[in-house]
Amino acid sequence: MHPNLTAVSAVDQLEQLLATSANRPVLLFKHSYSCGVSAEALDELLAHLDQEAADVTYAMVTVQTHREVSNAVAKQLGIRHETPQAILIRDRQVVWSASHFRVNAASLGKALRS
């Protein structure tokens, strides 16, 4: 795990991230261990973190091991579940999201700069 990427393993951690988003953007990545596309998207996220990490809180939910958190993300943010999925949150609102091959270092950087 990258030092700037926090694993989210409980719903109360998700609540803390959503509270954080009032003052600092949160980029939440939903990952599936069993999906090759998700592995590629994670590599892209890690490349982004190595190249141009922004003043953002980065977090990751692994859907197989933390299904309750993954379901809470969909319910609380009103966003359809997908994996892989990158979700940019500001003030508890989704301001950008991407899934599958649209999760790449370039799209992450662009979303965070806008």
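The values are calculated or read from the model by the stated rules, or taken from the named source; none is laboratory data. This one's a predicted model, so the numbers in the text were calculated from it and none came from an experiment. For neighbour counting, all protein chains shown are included, and Cβ atoms are generated from backbone atoms with ideal geometry for every residue, glycine included. Note: areas computed on protein heavy atoms with side chains; ligands, DNA, RNA excluded. Shrake-Rupley method; radii C 1.70, N 1.55, O 1.52, S 1.80 Å.
For the stretch 73-82, the criterion of being in contact with a helix residue (DSSP H, G or I) (Cβ under 7 Å, 6 or more places away or on another chain), in contact (Cβ under 8 Å) with a residue 12 or more places away in the chain, open to solvent by 70 Å² or more (accessible area, probe 1.4 Å) and part of a loop (DSSP other than H, G, I, E, B) is met by at least one residue.
Only one of the numbered conditions (1) of a type outside the set (A, V, I, L, M, F, W, C); (2) without any contact (Cβ under 8 Å) to a residue 60 or more places away in the chain; (3) open to solvent by 70 Å² or more (accessible area, probe 1.4 Å); (4) closer than 15 Å to LEU108 by Cα is violated by TYR33, and that is (4).
Among the residues that make up the stretch 89-99, is at least one of them more than 15 Å from ALA111 (Cβ to Cβ), in contact (Cβ under 8 Å) with a residue 24 or more places away in the chain and buried (at least 21 other Cβ atoms within 10 Å of the Cβ)? Within the stretch 89-99, none of the residues are more than 15 Å from ALA111 (Cβ to Cβ), in contact (Cβ under 8 Å) with a residue 24 or more places away in the chain and buried (at least 21 other Cβ atoms within 10 Å of the Cβ).
For ALA10, the test of being open to solvent by less than 40 Å² (accessible area, probe 1.4 Å), more than 14 Å from the chain's Cα centre (by Cα) and within 21 Å of ALA106 (Cα to Cα) is failed. Among the residues of the stretch 1-48, those that are part of a helix (DSSP H, G or I) and closer than 12 Å to VAL73 by Cα comprise VAL11, ASP12, GLN13, LEU14, GLU15, LEU17, LEU18.
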